[in-house]
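The values are calculated or read from the model by the stated rules, or taken from the named source; none is laboratory data. Since the model is a prediction, treat every value here as computed from it, not as a measurement. Because the Cβ atoms are built from the backbone with ideal geometry, glycine has one as well, and the counts that use them run over all protein chains shown.
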Amino acid sequence: MSGKRREVLTLPESSSVRRTSIGRANSPSLLSWDTLAAYGVYLFALSWPLGAWQRLAGPVHLHHVALAPLIFCALRDWMNNKRLRTPFELWWPCVLTAVLIVVFKLGGTETVSWMLIAPALMAVFVMHGTDNRGVVLWAIYLSMMSGALMLSLSVFSRIGLLFPTTWQQTSGLVMAGPYGVTEGFFASLALMLLLPALNRARRAGEFLPGCSARFIMLALPVLFILWLFLSPRPDLWSWRPGHQLFLHPTVWLAAVALWGCARLASKHIVMGGTPSAGVAHGWLAVAVLGMAATALALFPYPEAGPVLLLAMTAGYARPGATTSPVVRPSRWLLAPVALLLVLNILFIRSGDPRDYDSMARRALVRKEYGLLRERLAFIKTRAPGDTRADYYIARAWLAEKNLPEAAAAFRRAMGPSRPRLLPPPDTTAVDAFLAEMRDASSAMPERMRGLAYEQCLIAAGRDRHALSLLELRGETSTFPGLVAGPLAQALGTLLGAPHLVTVFQSWDAGLLLAVLESAGPMNRTVSASAVFPPSQLPLVVMAGGEGDVLHVNVYSPAGSFGGTLLLNSQRHRPHDVGTLFGDTGWGPWRQNAAGEWLMSYGQSTIIRVGNGPQVFFRATIPSPDALPFHGVEVVITVPETVEFHE
Amino acid sequence: MFPASSRHHSESLSNPLYRMRRERHVALILFNVLLLLAACIQLFSLALSHPLASHGDDPASAVYLEWEE
């Protein structure tokens with residue numbers, strides 16, 4: 001760089017900028033624009049690998065702020081000299097990329113984002129600001145420091161000490177810091193590809209870091225291998241390369257980017273043979289080509305960090321580039337990075353990737369219910385005490401008019417909370433859900449709506465409202481010989497309200513019968529045979545599935561009993577079971593040779609009423625699909641003498 | 001890693017125009033290599049996407065395995 005071109009900014013002695021920006025070596029007495037640009041590059045390099053942990057507010061991150069001096073320097077040089085220091089052969093692919101994006105967007109293409117212009121232009125500014133080999137090597141080193149920290153945080157998140165910022169549903173990989181697993185994986189690989197170049201410069205004396213450099217350069221691959229070792233082994237299928245590269249319009253952008261990478265690598269290869277060559281040209285060329293090849297396989301979103309790495313390496317290949325850095329990075333640069341890291345880890349602000357509240361609201365607006373449930377299910381595995389996640393699962397089921405599942409999730413949401421990420425749903429959210437549930441329930445036929453709304457009311461602590469609604473379901477009439485106790489217990493279980501059983505026992509048996517019958521479309525009342533043991537009547541059998549669990553309950557005057565069957569959905573595949581194993585649901589009563597009464601539920605359960613009632617489960621269960629539906633099916637057996645309306 | 005073949009060659013590279021031509025020449029070769037690599041990766045992806053390569057997820061074979069048990 002010629003001395004004539006270097007602009008000098010004089011600052012007063014008391015300036016805080018001056019105090020914080022003076023380096024240890026080559027400390028300039030005046031703060032030059034090149035020094036500012038170098039600090040911008042250092043801050044950018046230090047902050048980008050930490051991704052979400054460096055978010056200031058909204059979409060603004062610390063590395064965006066670090067770009068400001070680079071942009072300012074470039075604009076100032078452009079105004080003074082009418083040209084940029086970025087080599088023409090490297091900036092035209094960046095500008096062409098930006099122009100292509102504008103053309104595609106104006107042409108109505110939805111698959112390309114306006115945001116892609118940002119990394120293309122950023123590359124031009126970074127290439128303008130870095131024409132010093134020392135600055136380039138230091139910036140790569142700082143990125144490695146932050147990359148190693150990001151990987152160590154990812155290891156912590158893998159073992160559950162820290163909640164991840166991103167995860168992959170298919171492979172189960174998690175990372176703490178990046179916004180995408182693919183992007184984080186690619187960034188780690190890119191940094192490791194630069195390791196040999198940095199090591200070569202260090203051994204040749206071109207780059208003189210502190211004694212911690214060897215540790216950092218060793219820690220990066222070790223942490224990456226440890227993260228891989230602790231992560232679940234993803235199948236090849238989930239890592240198959242995307243095919244978007246060869247589709248219009250991505251193919252044009254990819255071709256220009258590939259040419260840019262090839263041109264950059266060729267500069268290093270050719271510069272390696274000149275008298276003014278640095279020592280790391282060869283390894284930098286390998287790193288650039290390696291990054292391009294890895295990007296072809298992984299197809300990550302072109303984030304700022306890897307673009308910075310590529311653009312910086314261009315500065316190393318400048319013919320007039322000097323080896324001594326214009327300024328060495330100050331330790332003060334660590335302060336804002338560390339502060340933001342701690343703040344973002346400790347506090348979840350709006351826009352944080354862990355803020356699933358905003359994510360859920362967006363998904364509900366976009367009607368991505370299945371995806372929302374998948375993401376919330378993952379959050380529940382890491383934060384089982386977060387009842388707000390259950391609340392949004394309930395909202396997703398309710399939006400799909402699946403009232404039993406919505407009620408079950410809402411009951412979990414109203415249960416005891418031990419929040420790790422977000423507090424439990426507040427009264428406003430509960431009221432909104434209940435209003436939506438009431439409307440959805442009212443819109444359904446009476447036999448189909450079940451007890452979902454009443455279950456939700458009781459879960460929210462509004463028992464009186466629920467009881468008044470239940471009383472409207474049937475007429476109070478007396479059935480002689482019908483005991484209310486078993487019916488009250490069954491209703492208490494159905495509603496998830498054992499504390500209301502004593503209230504139901506004071507109700508008329510006819511009303512309880514009507515409520516139980518109206519609780520599900522498959523519910524029914526049957527007359528017992530004349531020879532059925534009268535001491536067991538009325539007998540209520542109830543079976544309900546929730547996830548991979550089957551609950552069977554039996555209530556009779558002789559007592560209540562039941563059991564729970566855990567189904568192994570991993571082992572039993574849901575295909576074709578219905579056709580192989582026939583009808584499901586409660587069958588009719590039948591008598592065996594020993595005179596015992598049997599009633600079976602699908603292929604899985606048999607109720608036996610002999611001297612005492614018993615429930616049996618089959619040892620091998622065909623599949624969770626053996627359940628007729630994810631709700632409850634109730635059969636009430638009453639004495640033959642009781643007259644009821646079928 | 002990529003040493004100059006001779007002193008004359010090194011001195012020629014000091015000439016900006018010669019260096020620029022050489023860079024373009026090398027870049028063209030590298031660009032074609034990268035394109036070839038992209039094609040190979042896409043072929044690999046296509047092979048993975050083929051039903052025969054993913055028989056573990058095929059419902060028919062899953063039922064067959066269930067019967068074997």
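Kindly provide the set of residues from the range B:9-23 that are in a helix (DSSP H, G or I) and either buried (at least 16 other Cβ atoms within 10 Å of the Cβ) or within 7 Å of chain A (Cβ to nearest Cβ) (or both), ordered by number. Quick ask: steps written out before the conclusion?
First, pick out the residues of the range B:9-23 that are in a helix (DSSP H, G or I): B:9-13, B:16-23.
Across the range B:9-23, the qualifying residues are B:His9, B:Ser10, B:Leu13, B:Arg19, B:Arg22, B:Glu23.
Quick one: is A:Ala377 modelled with pLDDT of 95 or more, surrounded by fewer than 20 Cβ atoms within 10 Å (Cβ to Cβ) and more than 14 Å from chain B (Cβ to nearest Cβ)?
Numbers: modelled with pLDDT of 95 or more: no; surrounded by fewer than 20 Cβ atoms within 10 Å (Cβ to Cβ): yes; more than 14 Å from chain B (Cβ to nearest Cβ): yes.
Judged against the criteria, A:Ala377 is not a match.
Restricting attention to the range A:336-352, and to residues there that are assigned to a loop (DSSP other than H, G, I, E, B) and either among the charged types (D, E, K, R) or closer than 16 Å to A:Leu149 by Cα (or both), which single residue is nearest to the chain's Cα centre (by Cα)? Step through it out loud before you land on a result.
As a first pass, look at the range A:336-352 and keep what is assigned to a loop (DSSP other than H, G, I, E, B): A:347-352.
If we keep only those that are either among the charged types (D, E, K, R) or closer than 16 Å to A:Leu149 by Cα (or both) too, we end up with A:349, A:352.
On the way: A:Arg349: 16, A:Asp352: 11 Å.
Result: A:Asp352.
Go through (1) touching a residue at least 24 places away in the same chain (Cβ under 8 Å); (2) in contact with a helix residue (DSSP H, G or I) (Cβ under 6 Å, 6 or more places away or on another chain) one by one and return the number of the condition A:Ala285 breaks.
Result: A:Ala285 fails condition (1) only.
Using beta carbons and a limit of 8 Å, which pairs, at least six apart or on different chains, have the first residue in the range A:207-233 and on the phi < 0 side of the Ramachandran plot and the second one of a type in the set (Asp, Glu) and in a helix (DSSP H, G or I)?
none
Taking the condition outside any helix (DSSP H, G or I) and crowded, with 18+ Cβ neighbours inside 10 Å, does A:Gly177 pass?
Working: outside any helix (DSSP H, G or I): yes; crowded, with 18+ Cβ neighbours inside 10 Å: yes.
Against the criterion (outside any helix (DSSP H, G or I) and crowded, with 18+ Cβ neighbours inside 10 Å), A:Gly177 qualifies.
Does A:Ala118 meet the test of being in contact with a helix residue (DSSP H, G or I) (Cβ under 6 Å, 6 or more places away or on another chain), more than 14 Å from chain B (Cβ to nearest Cβ) and either within 30 Å of A:Asn344 (Cβ to Cβ) or surrounded by fewer than 18 Cβ atoms within 10 Å (Cβ to Cβ) (or both)? Reasoning before the result, please.
Numbers: in contact with a helix residue (DSSP H, G or I) (Cβ under 6 Å, 6 or more places away or on another chain): no; more than 14 Å from chain B (Cβ to nearest Cβ): yes; either within 30 Å of A:Asn344 (Cβ to Cβ) or surrounded by fewer than 18 Cβ atoms within 10 Å (Cβ to Cβ) (or both): yes.
Criteria not met by A:Ala118.
The conditions are (1) within 7 Å of chain A (Cβ to nearest Cβ); (2) at pLDDT below 50, and B:Gly56 fails exactly one of them. Which is it?
(1)
Just give me the residues in the range A:184-211 being among the small types (Gly, Ala, Ser), more than 35 Å from the chain's Cα centre (by Cα) and away from every other protein chain (no Cβ under 14 Å), in sequence order.
A:Gly205, A:Gly210
Which one is modelled with the lowest pLDDT, of the residues in the range B:39-53 that are more than 10 Å from A:Arg240 (Cα to Cα) and in a helix (DSSP H, G or I)? Full working, then the answer.
If we filter the range B:39-53 for residues that are more than 10 Å from A:Arg240 (Cα to Cα), which is where we start, we get B:39-40, B:43, B:50-53.
Imposing the further condition that a residue be in a helix (DSSP H, G or I) reduces the set to B:39-40, B:43, B:51-53.
Working: B:Ala39: 91, B:Cys40: 91, B:Leu43: 86, B:Pro51: 57, B:Leu52: 53, B:Ala53: 48.
It comes out as B:Ala53.
Is there a residue being under 15 Å from A:Phe410 (Cα atoms), among the basic types (Lys, Arg) and within 38 Å of the chain's Cα centre (by Cα) anywhere in the range A:455-466?
yes
With the requirement that a residue be within 13 Å of A:Trp138 (Cα to Cα) and of a type outside the set (Phe, Trp, Tyr), what does the range A:309-321 give you?
Step one: list which residues in the range A:309-321 are within 13 Å of A:Trp138 (Cα to Cα), which gives A:309, A:312-313, A:315-316.
Result: A:Leu309, A:Met312, A:Thr313, A:Gly315.
Do you know which residues across the range A:95-154 are free of Cβ contacts under 8 Å to residues at least 12 places away in the same chain and within 23 Å of A:Met192 (Cβ to Cβ)?
none
Looking only at helices (runs of 4 or more DSSP H) that fall completely inside the range A:217-321, which ones have 1 or more residues that are within 11 Å of chain B (Cβ to nearest Cβ), of a type in the set (Phe, Trp, Tyr) and more than 30 Å from A:Ser154 (Cα to Cα)?
A:250-271
Would you mention how many residues in the range A:322-335 are outside any loop (DSSP other than H, G, I, E, B) and out of contact with any Leu (no Cβ under 6 Å at 6 or more places or on another chain)? Break it down into steps so the answer makes sense when it comes.
Applying the first criterion (outside any loop (DSSP other than H, G, I, E, B)) to the range A:322-335 yields A:322, A:331-335.
Checking the rest, the ones that are also out of contact with any Leu (no Cβ under 6 Å at 6 or more places or on another chain) come to A:322, A:331-332, A:334-335.
Going through the range A:322-335 one residue at a time, the tally reaches 5.
If you go through the range A:36-59, how many residues are within 22 Å of A:Ala74 (Cβ to Cβ) and crowded, with 22+ Cβ neighbours inside 10 Å?
Count: 12.
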